[in-house]
Amino acid sequence: MATSDEASAAAGSTAVAARVSIWESLKGCGIFHKEIAKEELRQKIVMPKYLRVAMRTASTTRDVAAAAAAASSAVVGDEEPMVAPEAPLVVFVNSKSGGRHGPELKERLHELISEEQVFDLQTIQPPAFVEYGLACLEQMASQGDACAKDTREKLRIVVAGGDGTVGWVLGSLTELYESRREPVPPTGIIPLGTGNDLSRTFGWGGSFPFAWRSAVKRLLDKAVVAPICRLDSWHLEVVMPEGEIKEKPYTLKQKNKEMDIEGEMPEKTSCYGGVFYNYLSIGMDAQVAYGFHHLRNEKPYLAQGPVANKLIYAGYSCTQGWFCTPCAATPNLRGLKNILKLFIKRANCSEWEQIPIHSSVRSLVCLNLYNYGSGRHPWGDLKPDYLEKRGFVEAHADDGLLEIFGLKEGWHASFVMAEVIKAKHIAQAAAIKLELRGGQWNRAYLQMDGEPWRQPLTNDYSTFVEIKKMPFHSLMLNGEGS
């Protein structure tokens, strides 16, 4: 069991995060902002009925032809003007996020927009919307429908969920680049998750507001005029001896191998791929996240909101050995150096360079955003002299680089997350390759944008993880700029 000192240290950064979340909720509640008339908002964002019915039908039936028939029926007796609004919005809502707020938020969105423009991710998933819903608008536009063409070009998306949900939607939208179906709609956020680091980075707040009914209206209005900014997208490929990753994140899917591997591999291999936007980590923090997710799934009544989740997470970290250091006696607590080799490509370099990992590092994080772990800044605001000395550049979310840092035992991680000290800076990289081999370990824990999994390892062959930047940027709406 964890001692009181360990629990206090783990809860220290959680208390800071909780205070920040409360203040952000107060700021976002709408008290300090001008009231927005509901009908004025609807004029800006609601599509003509025949278009929203067609788009919804295509997404649910996965049939563009059926959508055309639905659109024709919707036109009969419809007195709405057939003109595209200023900023037609589609909202994806994860009704399981945000504790009790998910279902209530969906009902509120139906009031503010229209039921056809609100997609519950439990019933309609982003890939179906991209493949069929947007294709429906595109087909109508190609047949001479100027309103459909204007609506498709102006379309904006808002995601009500956590970082994982936002990443799922962004990943689905990459299909538009690959099939040359631009423009790609930019994405705004209503924060419903625990960490909400993507939301914080792009000015949408770190937690769901207290007076949320009025705040949601204000957030939708911000999405109408918010400027567009760019976000790097990173492709992850895992090549392993033939086998299966059980309970893998929905963003990690089986694929054909693309990685060039130097070294011996078995004749049969398995390959998985995915995309992340915030971070990838390996080690103790991912193990704690994996256990926390299982606990939350088994006992969902414990997860009643971001603050409760953070307290449970802190308590769980104490039970997983994060604060214990007798590594010699317990193989699963040993530093990552025992199973991991790190290789990077620096900016404008084509050769892989091996980077040593200190024996004390028990968690390795590859970070794309400024925010991590509920608004903390472990990389820090580094001074020009230090940047020059280490060969680093100032970090940005669209600079084509990942910041790699290490966390030691729980005491070190707690002080980093409380922003008393900085994390252990390791490197900045334009591409990363990790080689894992089991030794006395038969598994490792990884997480990608907060979605953890258990990676099987063997002692006979290595498992390789390669991270490369996607050739295009994701487009985000900047809530601070509106």
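Of the residues making up region 62-77, those that are at pLDDT 75 or above and open to solvent by 40 Å² or more (accessible area, probe 1.4 Å) number 5.
In the set Glu466, Glu435, only one residue is over 19 Å from the mean Cα position of the chain (by Cα), surrounded by 18 or more Cβ atoms within 10 Å (Cβ to Cβ) and part of a strand (DSSP E or B); that residue is Glu435.
Go through region 206-218 and report how many residues are in contact with a Gly (Cβ under 6 Å, 6 or more places away or on another chain) and open to solvent by less than 30 Å² (accessible area, probe 1.4 Å).
Summing the residues that are in contact with a Gly (Cβ under 6 Å, 6 or more places away or on another chain) and open to solvent by less than 30 Å² (accessible area, probe 1.4 Å) in region 206-218 gives 4.
For the condition out of contact with any Ser or Thr (no Cβ under 7 Å at 6 or more places or on another chain) and at pLDDT 90 or above, what is the one hit in Glu107, Glu86, Glu80, Glu35?
The conditions single out Glu86.
Of everything listed in (1) surrounded by fewer than 17 Cβ atoms within 10 Å (Cβ to Cβ); (2) in contact with a Leu (Cβ under 9 Å, 6 or more places away or on another chain); (3) among the small types (Gly, Ala, Ser), the single unmet condition for Gly161 is (1).
When residues in region 175-193 are screened for being open to solvent by less than 10 Å² (accessible area, probe 1.4 Å) and assigned to a helix (DSSP H, G or I), 1 of them pass. The set of residues in region 155-174 being within 21 Å of Pro227 (Cβ to Cβ) and assigned to a helix (DSSP H, G or I) consists of Val166, Val169, Leu170, Leu173. Just one of the listed residues (Ser25, Ser13, Ser59) is among the hydroxyl-bearing types (Ser, Thr, Tyr), at pLDDT below 90, part of a helix (DSSP H, G or I) and open to solvent by less than 10 Å² (accessible area, probe 1.4 Å), and it is Ser25.
Looking only at region 413-430, count every residue that is modelled with pLDDT under 85 and either farther than 29 Å from Gly205 by Cβ or open to solvent by 50 Å² or more (accessible area, probe 1.4 Å) (or both) and tell me the total. Write out each step before concluding.
Residues of region 413-430 that are modelled with pLDDT under 85, as a first pass: 413-423.
Filter once more, keeping what is either farther than 29 Å from Gly205 by Cβ or open to solvent by 50 Å² or more (accessible area, probe 1.4 Å) (or both): 415, 419-422.
The number of residues fulfilling the criteria is 5.
Quick check on Lys246: is it assigned to a loop (DSSP other than H, G, I, E, B) and among the basic types (Lys, Arg)? The answer is yes for Lys246.
Working only within region 262-274, note down all residues that are in a loop (DSSP other than H, G, I, E, B) and touching a strand residue (DSSP E or B) at 6+ places or on another chain (Cβ under 6 Å).
We begin by selecting, within region 262-274, every residue in a loop (DSSP other than H, G, I, E, B); these are 262-268.
Within region 262-274, just Pro266 meets the criteria.
So, of the residues in region 89-104 that are under 19 Å from the mean Cα position of the chain (by Cα) and open to solvent by 10 Å² or more (accessible area, probe 1.4 Å), which turns out to be modelled with the highest pLDDT? Show your work before the answer.
From region 89-104, those under 19 Å from the mean Cα position of the chain (by Cα) are 90-99, 102; that's our starting set.
From the residues that got through so far, the ones that are open to solvent by 10 Å² or more (accessible area, probe 1.4 Å) too are 94-99.
Values: Asn94: 84, Ser95: 77, Lys96: 71, Ser97: 65, Gly98: 57, Gly99: 58.
Here the answer is Asn94.
Can you pull out the residues in region 93-139 that are assigned to a helix (DSSP H, G or I), aliphatic (A, V, I, L, M), farther than 24 Å from Thr251 by Cα and touching a Lys or Arg at 6+ places or on another chain (Cβ under 8 Å)? I'd like the intermediate steps shown before the answer.
So the first thing to find is which residues in region 93-139 are assigned to a helix (DSSP H, G or I), and the list is 101-112, 115-117, 126-139.
From the residues that got through so far, the ones that are aliphatic (A, V, I, L, M) too are 105, 109, 112, 128, 130, 134-135, 137.
So of that shortlist, the ones also farther than 24 Å from Thr251 by Cα come out as 105, 109, 112, 137.
Within region 93-139, Leu112, Leu137 meet the criteria.
In summary, Asn442 fulfils each of the numbered conditions (1) polar (S, T, N, Q); (2) open to solvent by 20 Å² or more (accessible area, probe 1.4 Å); (3) farther than 22 Å from Lys255 by Cβ; (4) touching a Gly at 6+ places or on another chain (Cβ under 8 Å) with the single exception of condition (4).
The values are calculated or read from the model by the stated rules, or taken from the named source; none is laboratory data. Values in this document were obtained by computation on a predicted structure and should not be read as measured data. Cβ coordinates were reconstructed from backbone atoms using ideal geometry, including for glycine residues, and neighbour counts include every protein chain displayed. To get the accessible areas, we keep the full protein, side chains included, count just its heavy atoms, and leave off ligands, DNA and RNA. Shrake-Rupley method; radii C 1.70, N 1.55, O 1.52, S 1.80 Å.
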